[in-house]
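Chemist: Just passing along the structure, written as C-alpha cells.
The values are calculated or read from the model by the stated rules, or taken from the named source; none is laboratory data. The structure displayed is predicted, hence computed values, not measured ones. In this analysis, Cβ positions are derived from the backbone assuming ideal geometry, glycine residues included, and neighbour counts consider all displayed protein chains.
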Amino acid sequence: MMQRSERQRGATLIVVLILVLLVTLAGVAAVRSLVIEERMASNSLDRSLTMQSLEQTLRYAETVAQAQSVASPFNNGFSPYSGNTATSSLPNGTYTATTCGTASADLSPCTSGLCSQPTLACKPRWDVGGTSGTWGTVAIADLPSGTPRNFEYLIEFLGSDYACNASDPDDKKNCSQYRLTVRSPAGTDRAFAQLQSYYLALPK
C-alpha cells in the first residue's frame, strides 16, 4: 500500500507541472497579444494625428497657392538649366523643360516648395526625392506634445487657362490651377503619410 501511494503522489506532481506550464504559456500568449494590440492602437492614433497635421499643411499650401496666383511678379527667380531653351521669367513660373535629369527627375525648377509647370515625360517630383530647397516646410504643432514638426509641401503650377466654373461652358478660362503635395517629415519614428490635391485659384 505504501508503494502505491508514493506512485500516486508522483503522478500528481507531473500533472500539476503540466498544468502550470500550460497556464504559463497561455499567460505569455495573452501578454504578447496585448502588446501587439497596444502597438497597433498607438500606430493608428499616430497615423490619425499625422493625417490631421497633413490637413493643416494642405490648408496652408492652398493659401500660398492663392497668394501666388495673384502675386506680381509670379513665381520668378528660377535659374534655367543648360540644354533647355525655356526661361524662368514667364508668368507664374511657366517653364517648359525638354529633358529629364538624373533618374528621370524633372528639370523644371522648384524653390522652397514653389514649382513651375512639370514636364510630363519626367517622373513626378515627389517620386524622386528632391534636393535641398525643393520642398517647402511649415511648422505644425505636434498634437500630443505641442512640439512643432516641419511638414513639407510642393505647389506645382499647372497653368492659368482653366475654367473657373466647369459647369458653365461660356465661363472665361482665367483661373490658375495648382497641384499640391504634402507629406510628413521623413526619417523619424512617427507615422509617414502623404496627401495630394488640386487647387483652383479664383482671380481677384
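Chemist: From (1) assigned to a strand (DSSP E or B); (2) modelled with pLDDT under 70, pick out the condition that doesn't hold for Thr137.
Modeler: Answer for Thr137: the failing condition is (2).
Chemist: Look at Leu58 and say whether it is modelled with pLDDT of 80 or more and within 24 Å of Asp142 (Cβ to Cβ).
Modeler: Numbers: modelled with pLDDT of 80 or more: yes; within 24 Å of Asp142 (Cβ to Cβ): yes.
Yes: the conditions hold for Leu58.
Chemist: Among the residues of the range 147-204, which ones are basic (Lys, Arg) and assigned to a loop (DSSP other than H, G, I, E, B)?
Modeler: Lys172, Lys173, Arg190, Lys204
Chemist: Could we say that Phe151 is within 15 Å of Glu55 (Cα to Cα) and at pLDDT below 85 here?
Modeler: Details: within 15 Å of Glu55 (Cα to Cα): yes; at pLDDT below 85: no.
Considered against the rule, which asks whether it is within 15 Å of Glu55 (Cα to Cα) and at pLDDT below 85, Phe151 comes out as no.
Chemist: Out of all the residues in the range 72-86, is one or more under 12 Å from Glu156 (Cβ atoms) and either at pLDDT below 75 or more than 22 Å from the chain's Cα centre (by Cα) (or both)?
Modeler: yes
Chemist: List, please: which pairs have Cβ atoms under 9 Å, are six or more places apart or on different chains, and start with a residue in the range 101-120 that is within 26 Å of Glu62 (Cβ to Cβ) and outside any loop (DSSP other than H, G, I, E, B) and end with one that is basic (Lys, Arg) and at pLDDT 75 or above?
Modeler: So the pair list comes out as Asp106/Lys123; Asp106/Arg125; Cys110/Arg125; Cys115/Arg125; Cys115/Arg179.
Chemist: Every residue in the range 156-191 that is surrounded by 14 or more Cβ atoms within 10 Å (Cβ to Cβ), out of contact with any Cys (no Cβ under 8 Å at 6 or more places or on another chain) and modelled with pLDDT of 80 or more, please.
Modeler: Of everything in the range 156-191, those that are surrounded by 14 or more Cβ atoms within 10 Å (Cβ to Cβ), out of contact with any Cys (no Cβ under 8 Å at 6 or more places or on another chain) and modelled with pLDDT of 80 or more turn out to be Leu158, Ser176, Gln177, Tyr178, Arg179, Leu180, Thr181, Val182, Arg183, Ser184, Pro185.
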